[in-house]
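Undergrad: Please see the structure below; I have some questions.
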6 protein chains.
Amino acid sequence: MFTLGVSDHMMVAHSLRGETFGPAQRLHGATYEVRVEVRAPELDADGIVVDIGLLRSVLRLTLAPLEYRNLDDVPAFAGENTTTEFLCRWMHGALAGQLGVRAGARLRVTLVESPNAWAAYEGDIG
Amino acid sequence: MFTLGVSDHMMVAHSLRGETFGPAQRLHGATYEVRVEVRAPELDADGIVVDIGLLRSVLRLTLAPLEYRNLDDVPAFAGENTTTEFLCRWMHGALAGQLGVRAGARLRVTLVESPNAWAAYEGDIG
Amino acid sequence: MFTLGVSDHMMVAHSLRGETFGPAQRLHGATYEVRVEVRAPELDADGIVVDIGLLRSVLRLTLAPLEYRNLDDVPAFAGENTTTEFLCRWMHGALAGQLGVRAGARLRVTLVESPNAWAAYEGDIG
Amino acid sequence: MFTLGVSDHMMVAHSLRGETFGPAQRLHGATYEVRVEVRAPELDADGIVVDIGLLRSVLRLTLAPLEYRNLDDVPAFAGENTTTEFLCRWMHGALAGQLGVRAGARLRVTLVESPNAWAAYEGDIG
Amino acid sequence: MFTLGVSDHMMVAHSLRGETFGPAQRLHGATYEVRVEVRAPELDADGIVVDIGLLRSVLRLTLAPLEYRNLDDVPAFAGENTTTEFLCRWMHGALAGQLGVRAGARLRVTLVESPNAWAAYEGDIG
Amino acid sequence: MFTLGVSDHMMVAHSLRGETFGPAQRLHGATYEVRVEVRAPELDADGIVVDIGLLRSVLRLTLAPLEYRNLDDVPAFAGENTTTEFLCRWMHGALAGQLGVRAGARLRVTLVESPNAWAAYEGDIG
């Protein structure tokens, strides 16, 4: 199994609903380092999983509408708790739709929210 | 599949028995960065795998009795070779017991012992 | 010259005033890794610059009132642009006041706001 | 499942053939951080997956003939596009042959080519 | 004293002349992480040392002509040994010319060439 | 001013004397990442501060007698409190003696003892 990974980041504000979140119920923020990995059982004719430049562009375009935003005000997240896990799955969906269906390929999105906490979501593409 | 991870560290002394270990048979020490990841197929009602604050507390409480200790003198490890792999599995057991049984969840414990060496153990919770 | 350094982090929201800041004028957020270094020409009787545990506690207590906050609403920052540079100097002042005056000692505060941007302020203690 | 990992690095030049690679078709270079992980379901009699010293030596010996080389001139890669993915699989083969066949063991090789791009190959040993 | 820092990277090939360099006399390559820090005794009217976006753009534009190149063929480096130290000073000059003269400001350029080696050059701007 | 830096690491045990050190008075251990930087106002005839290979060898030879040791039993440290600051200064002296006297050169030794604590000593060479 092959993997190709790239990373980028975004700086956003948000708040979380529910007593579980304690002080994180208040409006705060995070720098999320976003790591995206595409996994495939075989390489293509160029000897790659996916073009690094393409994957970086797709990631950048996906993060751009969220950059320097308060996620509590982003329509796509209305009514949702934007936990790190939720954001990982949302980005998985947004990225997978742009990468096209490829037999057997999988996509993993990891968000690092601090030097000692992170979350990830992994699933099929398409 | 979702993942939630947190990290902490501990500073301990120990020695290893067996010619395989060469100079590491002498009493020496290590700063272990400990990375704990819980994996689950679904999020709970709060939209998380597990509460970050809870996972950090459980990890801290698990490391506390080992901190600033010579592992050769820790009763729980009597007669054992405290290799990095062994410590990963031991922590997996100690942490899993505190996290409770959750259907389909898995736990991965990684110990980074130096800038270029690490070990991990992954298994079911419960 | 000796240096002793410790790090911690905080997750906050804020916005910046002024066209210079472009999209960062919108309410957004950051995970700031905070690195604090004390420099002194000589060691004390214990052979240290400052006690690591003490420095960590002072740093934690300084960050606590800001954690999970919108800095735009923090009274101490009323009327200020909470740029990374400003926050470094503010923390320098807050920390220096708790460390006491020590002849020849200096304090450096670095805030890392993303994988590729950071700021720092260095000055005398006292 | 247990994992034991070590890392090293090499500095090489190369060029890539195919329009997909854009500017990387020109002769350029990379520092590759090489991370090698051996995974096994059980520990051996010494309580380890594999001896760290042995794994480091095998990795160093595998990288040595490539160090400070232009990969375009290395006979082993004649006619090949030395993409990061290709190099991961090649190293997997080179390393697996030296580690011997072990029931159920797997080997993962990751090459980090820059602060925001990496590739990996994982497969059985033997 | 305030500092504002940003980082970027480039992937290049080159060779070094002189027996001192041993195997690095052969054509090889490197991923250089480039860290640029501007230091100034005072903040400007916006409360910053220099605009992060501006500094990033200036750094990107400076690296662009070198990206995916063999430095042995770059006219600006004709007859020079492109050691890491030399490249740091060259970038200092190239960047300083674009940042303008500012009283008391200094510029530090660090190139990280591998996980365990780096070089830097620091001097006045203008 | 130019800087050339290299890093290595060692794994040792030790204990500290004095109530200031709290639990670190017990025998424990650390993985110390050791970063060594040589600073000089001018480059030599090869266009470098110091040969990277030489600096790495000198560092390795300096760490070798301490590797996998209990520092409490190392004769060179008899009667000393092997704090991180002390070890930085000791290594500064050991390294400076091997690098020779060079006009205007300085040496900085940093020991990173955990993900959030480090110390350094900087002084002239010779």
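Undergrad: Quick one: count up the residues across region C:66-83 that are open to solvent by 10 Å² or more (accessible area, probe 1.4 Å), within 11 Å of another protein chain (Cβ to nearest Cβ) and part of a helix (DSSP H, G or I).
TA: Total meeting the criteria: 2.
Undergrad: Something else: Got a sec? Which of F:62, F:110, F:82 is at pLDDT 95 or above and in contact with a Lys or Arg (Cβ under 7 Å, 6 or more places away or on another chain)?
TA: Of the residues listed, the single one that is at pLDDT 95 or above and in contact with a Lys or Arg (Cβ under 7 Å, 6 or more places away or on another chain) is F:110.
Undergrad: Separate question: Being of a type outside the set (A, V, I, L, M, F, W, C) and not in a strand (DSSP E or B) is the filter; apply it to region F:4-19 and report the residue that is surrounded by the most Cβ atoms within 10 Å (Cβ to Cβ).
TA: Checking each candidate, the answer is F:15.
Undergrad: Give region B:84-108 a look and list any residue that's in contact (Cβ under 8 Å) with a residue 40 or more places away in the chain, farther than 27 Å from residue D:60 by Cα and open to solvent by less than 40 Å² (accessible area, probe 1.4 Å), or say none.
TA: B:91, B:95, B:105, B:107, B:108, listed by residue number.
Undergrad: Additional query: Among the residues of region B:7-17, are any closer than 19 Å to residue F:11 by Cβ and more than 12 Å from chain F (Cβ to nearest Cβ)?
TA: Looking for residues that are closer than 19 Å to residue F:11 by Cβ and more than 12 Å from chain F (Cβ to nearest Cβ), one finds at least one in region B:7-17, hence yes.
Undergrad: Which of (1) under 22 Å from residue E:92 (Cα atoms); (2) touching a Leu at 6+ places or on another chain (Cβ under 9 Å); (3) more than 7 Å from every other protein chain (Cβ to nearest Cβ); (4) surrounded by fewer than 23 Cβ atoms within 10 Å (Cβ to Cβ) does residue E:25 not meet, given it meets every other one?
TA: The single condition residue E:25 does not satisfy is (1).
Undergrad: Could you check region F:28-60 and list, in sequence order, the residues that are under 28 Å from residue B:83 (Cβ atoms) and either surrounded by fewer than 16 Cβ atoms within 10 Å (Cβ to Cβ) or among the acidic types (Asp, Glu) (or both)?
TA: Correct list: F:33, F:60.
Undergrad: Within region B:14-32, take every residue that is more than 16 Å from the chain's Cα centre (by Cα) and of a type in the set (Gly, Ala, Ser) and give me the one that is farthest from residue F:69 (Cα to Cα).
TA: B:18
Undergrad: Ok, one more. Please work out if residue F:29 is part of a strand (DSSP E or B), within 22 Å of residue F:124 (Cβ to Cβ) and not acidic (Asp, Glu).
TA: Criteria not met by residue F:29.
Undergrad: While we're on this one: Select from region E:45-83 the residues that are closer than 20 Å to residue E:105 by Cα, in contact (Cβ under 8 Å) with a residue 12 or more places away in the chain and under 15 Å from the mean Cα position of the chain (by Cα) and list them in ascending order.
TA: Answer for region E:45-83, where residues must be closer than 20 Å to residue E:105 by Cα, in contact (Cβ under 8 Å) with a residue 12 or more places away in the chain and under 15 Å from the mean Cα position of the chain (by Cα): E:55, E:56, E:58, E:59, E:62.
Undergrad: Ok, one more. If you take the residues of region F:32-47 that are among the acidic types (Asp, Glu) and in a strand (DSSP E or B), which of them is nearest to residue F:124 (Cα to Cα)?
TA: F:37
Undergrad: Moving to a separate point now. Given the conditions (1) touching a helix residue (DSSP H, G or I) at 6+ places or on another chain (Cβ under 7 Å); (2) in contact (Cβ under 8 Å) with a residue 24 or more places away in the chain, report the number of the one that residue F:42 does not fulfil.
TA: (1)
Undergrad: Continuing with the same structure: Would you say residue C:55 is of a type in the set (A, V, I, L, M), closer than 23 Å to residue C:116 by Cβ and assigned to a helix (DSSP H, G or I)?
TA: No.
Undergrad: Restricted to region D:109-126, and to residues that are open to solvent by 10 Å² or more (accessible area, probe 1.4 Å), among the hydrophobic types (A, V, I, L, M, F, W, C) and assigned to a strand (DSSP E or B), which residue is nearest to the other protein chains (Cβ to nearest Cβ)?
TA: D:118
Undergrad: Looking at residue E:58, is it of a type in the set (A, V, I, L, M, F, W, C) and in contact with an Asp or Glu (Cβ under 8 Å, 6 or more places away or on another chain)?
TA: No, not satisfied.
Undergrad: Next question, about the same structure. Give the number of residues within region D:85-101 that are modelled with pLDDT under 90 and aromatic (Phe, Trp, Tyr).
TA: 0
Undergrad: Let me ask another. Considering (1) under 14 Å from the mean Cα position of the chain (by Cα); (2) at positive phi, say which one residue A:100 fails and leave the rest.
TA: Unmet for residue A:100, out of (1) under 14 Å from the mean Cα position of the chain (by Cα); (2) at positive phi: (1).
The values are calculated or read from the model by the stated rules, or taken from the named source; none is laboratory data. Computed from a predicted model, the values in this text were never measured in an experiment. Don't worry about glycine lacking a Cβ; one is built from the backbone with ideal geometry, like all the others, and counts go over all protein chains shown. Heavy atoms of the whole protein, side chains included, go into the accessibility calculation; ligands, DNA and RNA do not. Shrake-Rupley method; radii C 1.70, N 1.55, O 1.52, S 1.80 Å.
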